Amino acid sequence: MSWTREQMAQRAALELRDGYYVNLGIGIPTLVANFIPPGVDVTLQSENGMLGMGPFPYEGEADADLINAGKQTITQLPTSSFFSSADSFAMIRGGHIDLTILGAMEVAENGDLANWTIPGKMLKGMGGAMDLAANVKRLIVLMEHTSKDGESKVLQRCKLPLTGAACVDLIVSDLGVFECDKKGGSGLKLIELAPGVTVDDVKAKTKAKMTVAL
Amino acid sequence: MSKKVFPDAAAALEGVLFDGMTLMSGGFGLSGNPENCIAAMARLPVKNLTVISNNCGADGFGLWVLLNNGQISKMVSSYVGENKLFEQLYLTGKLQLELNPQGTLAERIRAGGAGIPAFFTKTGVGTVVAEGKPVQEFDGEKYVMERGLMADVAIVKAWKGDTAGNLVYRKTAQNFNSVMATAGKVTIAEVEHLVQPGEIDPDAVHTPGIYVSRIFQGAGYEKRIERLTTRPREGAKA
């Protein structure tokens, strides 16, 4: 047993706090918007130039001028605002975003994050991921613990080119929740297990220094 | 009639294009693309372009058309995924690519338009992006130096513009358009609605007319949606 993608998103949503401005990455992080806890009011930023992202539009009401950073059609809210890409990243770079939740290909025990390229295999680009990684107050990685081939994505050091160095605060995977020591070098701390998952299961699938504090 | 107003894209582009030039093109994905200018450029012989744009269109649309014509030799972008032609040209060495973090790209353009030759940012420190660039410490944190960007011509798309070149964008179609408008030696704006002075509230202007050299009312906007995503109405049958 482990968490499904929805359950992972639901667990990550517990990290949201009332009043937060939040940027959700593409993939599983997008699902977090479906699990915002009752009584918690968060404003979602979309780095293409919007604060206050609303839900997907009803059929027939999509507007080509209103999309999120994943290029999906969305809607606005009474509290929404629009601005340029330069202003959008000024608020990111300036540290005004409280939390970002991003997907990852690899995370290292020192908080390094790799999620934008596989040399020779995948050519896409980093988009806004490097800006978010370097400048947002708190960064949560939300990802499957292992790759499709069963390789651990939680490593001592990343092998892929980095998105950001020492930037990850917390990892939520299908196996559990881990704190990253970005500055101190004490490695990962396992603080929560998904139901039915044992510490040994996690150890077997983790290639990083890890302490257990359940 | 204002000297800035042109009848269409072909007329607005006349005399400002040359081989080997640098072009900025607004838009994020397919939203807020200067569709008329791109289509007109595809019919002109100009080539060896360096194009600064967040993305490079999508199959059959936007800058993809110039790429498919072999008119682009270098792209400066932040994300070029979902574009098979791009990948193929890049991997066979027919296209150069400079990837920038999206916020760094936006700020480089903002800086260029504001007369700032370089600035420092935390973004990219400790990654390949910082390789070969000066890194300096401020207040105990490391920052990498990035250069301002200018272009020979910037093509931008706005929702509304007046004959003095004042522009208003609509929702997330603003994206890179307003900042690129400031960084072109020549900026050409295409608008869905060209209006007379006084019809735009001065408090609502996003791009003041000083930045806009030429303006025209575009035609036949396709405004294609890349990822149509909707939800069912409450109470509707599934």
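The values are calculated or read from the model by the stated rules, or taken from the named source; none is laboratory data. Note that the coordinates shown come from a computational prediction; the quantities given were computed from them, not determined experimentally. Here the Cβ positions follow ideal geometry from the backbone for every residue, glycine too, while neighbour counts run over all protein chains shown.
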Exercise for the section: Could you identify the single residue in A:52, A:70, A:60 that is surrounded by fewer than 23 Cβ atoms within 10 Å (Cβ to Cβ) and in contact with a Leu (Cβ under 7 Å, 6 or more places away or on another chain)? Expected result: A:52
Practice task
For residue B:229, state whether it is at negative phi, in a loop (DSSP other than H, G, I, E, B) and of a type outside the set (Lys, Arg).
Solution key: yes
Fill in the blank from the handout: Checked the stretch B:87-108 for anything closer than 15 Å to residue A:85 by Cβ, at the interface with chain A (Cβ under 7 Å from one of its Cβ atoms) and of a type in the set (A, V, I, L, M, F, W, C); matches are B:106
Exercise for the section: Consider only pairs whose beta carbons are under 7 Å apart and that are at least six residues apart or on different chains; among these, list those whose first residue lies in the stretch A:91-117 and is surrounded by fewer than 24 Cβ atoms within 10 Å (Cβ to Cβ) and whose second residue is modelled with pLDDT under 95 and not in a loop (DSSP other than H, G, I, E, B). Expected result: A:103/A:28
Completion exercise
Scanning the stretch B:58-74 for residues that are outside any strand (DSSP E or B) and either closer than 14 Å to residue B:42 by Cβ or hydroxyl-bearing (Ser, Thr, Tyr) (or both) gives B:60, B:62, B:63, B:64, B:65, B:66, B:67, B:68, B:69, B:70, B:71
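For (1) outside any strand (DSSP E or B); (2) more than 14 Å from chain A (Cβ to nearest Cβ); (3) surrounded by fewer than 24 Cβ atoms within 10 Å (Cβ to Cβ); (4) touching a residue at least 24 places away in the same chain (Cβ under 8 Å), each residue gets a yes or a no:
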| position | (1), (2), (3), (4) |
| --- | --- |
| B:3 | yes, yes, yes, no |
| B:37 | yes, yes, no, yes |
| B:56 | yes, no, no, yes |
| B:76 | no, no, yes, yes |
Handout entry: Selection status of residue B:26, under 25 Å from residue B:220 (Cα atoms) and within 10 Å of chain A (Cβ to nearest Cβ)
Key = yes
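Here is a yes/no grid of residues against (1) surrounded by fewer than 21 Cβ atoms within 10 Å (Cβ to Cβ); (2) within 11 Å of chain A (Cβ to nearest Cβ); (3) farther than 26 Å from residue A:71 by Cα:
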{"residue": "B:116", "(1), (2), (3)": "yes, no, yes"}
{"residue": "B:119", "(1), (2), (3)": "yes, yes, yes"}
{"residue": "B:140", "(1), (2), (3)": "yes, no, yes"}
{"residue": "B:147", "(1), (2), (3)": "yes, no, yes"}
{"residue": "B:154", "(1), (2), (3)": "no, no, no"}
{"residue": "B:167", "(1), (2), (3)": "no, no, no"}
{"residue": "B:174", "(1), (2), (3)": "no, yes, no"}
Practice task
Can you give me the ranges of the strands (runs of 3 or more DSSP E) entirely in the stretch A:1-108 with at least 3 residues that are closer than 30 Å to residue B:32 by Cβ and away from chain B (no Cβ under 13 Å)?
Solution key: A:21-24, A:99-102
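In this structure, does residue A:114 turn out to be at the interface with chain B (Cβ under 10 Å from one of its Cβ atoms) and closer than 25 Å to residue B:119 by Cβ?
No.
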